[in-house]
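J.: Can you read through this structure? Questions will come right after.
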Amino acid sequence: MIYIAILGHGVVGSGVAELMRKNADPIARKAGIPVAVKHILDIRDFPSLPYSELFTKRFEDILEDGGVRIVVETIGGLNPAYDFVKRCLLADKSVVTSNKELVATHGDELLAIARERNLNFLFEASVGGGIPILRPLDQCLAANEVYEIAGILNGTTNFMLTKMIETGMSFDDALALAQQLGYAERDPSADVDGHDACRKICILASLAFGKHLYPNQVYTEGIRQLTPTDVKYASAIGRVIKLIGRACKREDGRLYAVVAPMLLPKDNLLAEVNDVFNGIMVRGDAIGDVVFYGRGAGKEPTASAVVADVIDEVKHLSARKYLFWEPGEEGYAIPHDDAESAMLVRVAAGDKQAVTAVFGQVAFIAGDRLPGDELAFVTPVLNEKELNGKLAALPVVSKWRLY
């Protein structure tokens, strides 16, 4: 019998506990040995649960129990999750986590501790929830030189954008609907401001390119400023707006990393990823483009990914899996001002000559349902610093990057 402990009994933690009980026999068969939950850490009481005797409020009960070989962290955030996970690894316990913020911020350090102590630190559920992405990226695509990862990494914002595109909803109405349906939290900042997608692209890029990309190295922009009019302009040029997390490896070995609303061509593989679904595109030299698609969150899908990591760690208790990346460094990601892009720009009432005086000849956008008191156009591809310098001379209403 292999014993595990669960830190946190929220949405994911309770899902893991329930799945471990419900599927105990198939889990044992796949792991090669029975696996059982011995402790669950939570500050709350759950007297009505059939496994209420497993709960403890003392982290030390888990840390000091030599019979617990694997700890599952589902608390979320950095405090106290980082301290708890690090102490578990130093106490020679392997760890599974679904905590994207923890891995994006401290993944290199925790992986190094696990390697030094011949342990495993796995986190499949931290990026795609129930979508398998990290294991395929690390193993199935290992023969490829990956040079780009881009994805719709947040189901909440994708649901909102789908409603804005298909029904003309405003941002505020789409957010209210997402909250009503339970897709968005009362405080939706992590989703709508892009922080959730930022953490996920950091993990993907770190694994794909072998060096830690930290959240503060990724230019991050959310969807709060998007309007139904922006959606109409995108459609007028044959594109759709999606919140994209993207990391590209340059020839000099540095990365360009960004999270922002982008205008995708309608034939792009990610353009048809709608509602609460996520899509992650991996571009490799041998395989070309591969897309991983599915529901990126939810109790059961995320718990499924966590338990799969538990089974993997049980099978590798005496030999660690190779999952590792090096610490990052300053300058690894290029400054955002140095990145190149074209933009769809809206400007308040003015004449076309004012625009052409700044950019030269550009393609102006026309359409039946577009405002008559403004101009919109697509800029040439320029670096962001040069683009912003030129746009400073115009009364800009909004600007959105083309993918």
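The values are calculated or read from the model by the stated rules, or taken from the named source; none is laboratory data. What you see is a predicted model, and the numbers here were worked out from it, not measured in a lab. Positions of Cβ are backbone-derived with ideal geometry, glycine not excepted, and every protein chain shown enters the neighbour counts. We work out accessible area using only protein heavy atoms, side chains counted, and drop any ligands, DNA or RNA first. Shrake-Rupley method; radii C 1.70, N 1.55, O 1.52, S 1.80 Å.
J.: Taking Glu166 as the residue in question, decide whether it is in a helix (DSSP H, G or I) and touching a Lys or Arg at 6+ places or on another chain (Cβ under 6 Å).
T.: No, not satisfied.
J.: Now a separate question. For the stretch 249-297, which residues satisfy the criterion of being over 25 Å from Thr156 (Cβ atoms) and either open to solvent by less than 10 Å² (accessible area, probe 1.4 Å) or of a type in the set (A, V, I, L, M, F, W, C) (or both)?
T.: Those that are over 25 Å from Thr156 (Cβ atoms) and either open to solvent by less than 10 Å² (accessible area, probe 1.4 Å) or of a type in the set (A, V, I, L, M, F, W, C) (or both): Leu255, Gly284, Ala286, Ile287.
J.: Do you know which residues across the stretch 198-244 are open to solvent by less than 50 Å² (accessible area, probe 1.4 Å), more than 22 Å from Ser398 (Cβ to Cβ) and charged (D, E, K, R)?
T.: The answer is Lys200, and nothing else.
J.: Among the residues of the stretch 132-164, count how many are more than 15 Å from Leu270 (Cα to Cα) and hydrophobic (A, V, I, L, M, F, W, C).
T.: Pass one, the stretch 132-164, residues more than 15 Å from Leu270 (Cα to Cα): 132-147, 156, 160, 163-164.
Now restrict to residues that are hydrophobic (A, V, I, L, M, F, W, C): 133-134, 137, 140-143, 146, 160, 164.
Qualifying residue count for the region: 10.
J.: If I filter the stretch 302-330 down to residues being outside any loop (DSSP other than H, G, I, E, B) and open to solvent by 40 Å² or more (accessible area, probe 1.4 Å), which single residue comes out as nearest to Gly67 (Cα to Cα)?
T.: In the first step, residues of the stretch 302-330 are kept if they are outside any loop (DSSP other than H, G, I, E, B); the result is 302-315, 326.
If we keep only those that are open to solvent by 40 Å² or more (accessible area, probe 1.4 Å) as well, we get 304, 308, 315, 326.
Working: Ser304: 24, Ala308: 21, Lys315: 16, Glu326: 31 Å.
Among residues in the stretch 302-330 that are outside any loop (DSSP other than H, G, I, E, B) and open to solvent by 40 Å² or more (accessible area, probe 1.4 Å), the one nearest to Gly67 (Cα to Cα) is Lys315.
J.: Identify all residues within the stretch 371-396 that are in a loop (DSSP other than H, G, I, E, B) and either touching an Asp or Glu at 6+ places or on another chain (Cβ under 6 Å) or open to solvent by less than 30 Å² (accessible area, probe 1.4 Å) (or both); write none if there are none.
T.: Of everything in the stretch 371-396, those that are in a loop (DSSP other than H, G, I, E, B) and either touching an Asp or Glu at 6+ places or on another chain (Cβ under 6 Å) or open to solvent by less than 30 Å² (accessible area, probe 1.4 Å) (or both) turn out to be Thr379, Val381, Leu394.
J.: Tell me, please, whether a residue that is part of a strand (DSSP E or B), crowded, with 18+ Cβ neighbours inside 10 Å and either modelled with pLDDT under 95 or touching a Lys or Arg at 6+ places or on another chain (Cβ under 9 Å) (or both) can be found in the stretch 53-61.
T.: Within the stretch 53-61, one or more residues are part of a strand (DSSP E or B), crowded, with 18+ Cβ neighbours inside 10 Å and either modelled with pLDDT under 95 or touching a Lys or Arg at 6+ places or on another chain (Cβ under 9 Å) (or both).
J.: Let me confirm something: among Arg69, Arg115, which residue is within 20 Å of Tyr322 (Cα to Cα), open to solvent by 20 Å² or more (accessible area, probe 1.4 Å), in contact (Cβ under 8 Å) with a residue 12 or more places away in the chain and part of a helix (DSSP H, G or I)?
T.: Arg115
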